[in-house]
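The values are calculated or read from the model by the stated rules, or taken from the named source; none is laboratory data. No experiment lies behind these values; they were computed from the predicted model shown. Reconstructed Cβ throughout: ideal geometry from the backbone, glycine too, with neighbour counts over all protein chains shown. What goes into the accessible areas is simple: the full protein's heavy atoms, side chains included, and nothing from ligands, DNA or RNA. Shrake-Rupley method; radii C 1.70, N 1.55, O 1.52, S 1.80 Å.
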Amino acid sequence: MYISDTIKYVGVNDHKIDLFEGQYTVPNGMSYNSYVILDEKCAITDTVDVKFGEEWLCNIRGALGDKAPDYLIVQHMEPDHSANILKFTEAYPDAKIVASKQAFTMMKNFFGIDFLPNGIVVKEGDTISLGKRTLTFVSAPMVHWPEVIVTYDDLDKALFSADGFGKFGALDAEEDWACDARRYYIGIVGKYGAQVQTLLKKAAALDIKMICPLHGPVLKDNLPYYLNLYDIWSSYRPEEPGVCIAYTSVYGNTKKAVEELAAELKRLGCEKIAINDLARCDMAEAVEDAFRYDRLVLATTTYNGDVFPFMKEFINHLTERNYSNRRVAFIENGSWAPCATKVMRSMLEPSKNLTYLDTTVKILSAMNEESLEQIKALAKELVE
Ligand code: FEO
């Protein structure tokens, strides 16, 4: 991948991974990006996942030849980027590690070694000159861990953005950026919207021509498009009009109600409807849909005086990530003491600025004339 004459890609693609960060399915794999910045002095940003240490060092040798790097910049200590720090110091004992103070503490915790004697602690606004260019470090706490720094290169006008602007999928996979960047962002960084907003404000003061994240492609063209999506996601605004329906169904009756609702919505001209069967779908995809669209319908059964487990998990994912600023409706099913709507509503209490629709669909075991009418009323209210 060509980035610039003086920034070389030395990252790796992982097609063997089953679950990224132990929970996210990544059918198209994952990339762990690493960059060599060539100048009078040479810097590398971040290492890669533990499985790829040798391949990464080989890539570095390919970019540098016999030259040794002067710096390893550690922007983020999560092991998908930091696992090979020790291996790097063994290969290049004279190179200095550049990181935030908290990152050095984490290094000690992860490796049992104090890297500070051979390190440079940097904080907001600190700089290192490589020769023709100056690298400026910008603190980005909680995007996605507290120790994170991002790095600005004033020569190539590149922002090395750590996890920010990353996506699922290896670099040799052909896929839409927004789809897998959204699922990645909402799942992994979604809770930290305020911190992302702070970083975006800092980035707005820089002249950025390219963004080099630690996952996914380097972004060069149409940067306002990516920055605008990050602004929307991190401010918890819906990205576009549409209805996300998330449901669970034990014997198919709640599913039938969802299908009726979707058909009615279509009849009324609603074009974007995303239906997620929470017991069977990719949960992260369902969470992504809830954040993407401006309306959400939750449909589930009463279960053990509570709601069905997958719905519980789903709502917890939403509230954990500050779900807010949407219109929400409920469909509940229950055979003897239905309470699903009450439970779901109380679970959503931490969410800000939710508008609940007047119509709630109540199913007593199976749909009847009454519940069918409620579905029609709900569809109408949803498209109003
Ligand atoms: Fe890609 Fe937070 O690590």
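Tabulated data
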item: Theoretical gain in end-to-end length, W336 to D231 [0.36 nm per residue, Cα-Cα removed]; result: 33.2 nm
item: Degrees separating the helix 253-267 axis from the principal Cα axis of the chain, which is the longest one; result: 80
item: Inter-probe distance in nm under a simple model that places probes 7 Å from Cα toward Cβ, at A178 and D5; result: 3.6
item: Tensor-based shape of the stretch 252-317 (alpha-carbon gyration tensor, a/c under 1.5 rounded, otherwise prolate or oblate); result: oblate
item: Efficiency of FRET between N222 and L372 - r from beta-carbon atoms, R0 45 angstrom, step 0.05; result: 0.45
item: Among beta bridges that DSSP assigns inside the stretch 91-153, antiparallel share in %, nearest 5; result: 75
item: Contour excess over end-to-end distance, with Cα ends at E381 and K191 and 0.36 nm allotted per residue; result: 65.4 nm
item: For the stretch 39-148, the Rg and Dmax computed from alpha carbons only, in angstrom; result: 13.3, 37
item: Length added when fully stretched, T319-E21, from 0.36 nm per residue minus Cα-Cα; result: 105.3 nm
item: Label point distance in nm, A204-L116, each placed 7 Å from Cα along Cα→Cβ; result: 3.7
item: Cα centre as origin, Lys/Arg/Asp/Glu Cβ charges: the chain dipole, Debye; result: 700
item: Degrees, to the nearest 10: 53-64 long Cα axis against longest axis of the chain; result: 50
item: T300 accessible area, assembled protein chains, probe 1.4 Å, Å²; result: 0
item: Mean projected area (nm²) of the alpha-carbon convex hull when the chain is viewed from all directions; result: 20.0
item: Angle between the chain longest axis and helix 283-292 axis [Cα atoms, degrees, rounded to 10]; result: 80
item: Listed residues A377, F160, F291: farthest to the positive end of the dipole of the chain (Cβ charges); result: A377
item: With all protein chains modelled, accessible area of E54 [1.4 Å, Å²]; result: 110
item: Global geometry of the stretch 197-287, whether rounded, prolate or oblate, following the gyration tensor of its Cα atoms and the 1.5 cut on a/c; result: prolate
item: 18 Å cut-off, amide nitrogen to a point 7 angstrom out along R61 Cα→Cβ, residues in the stretch 74-104; result: 84-95
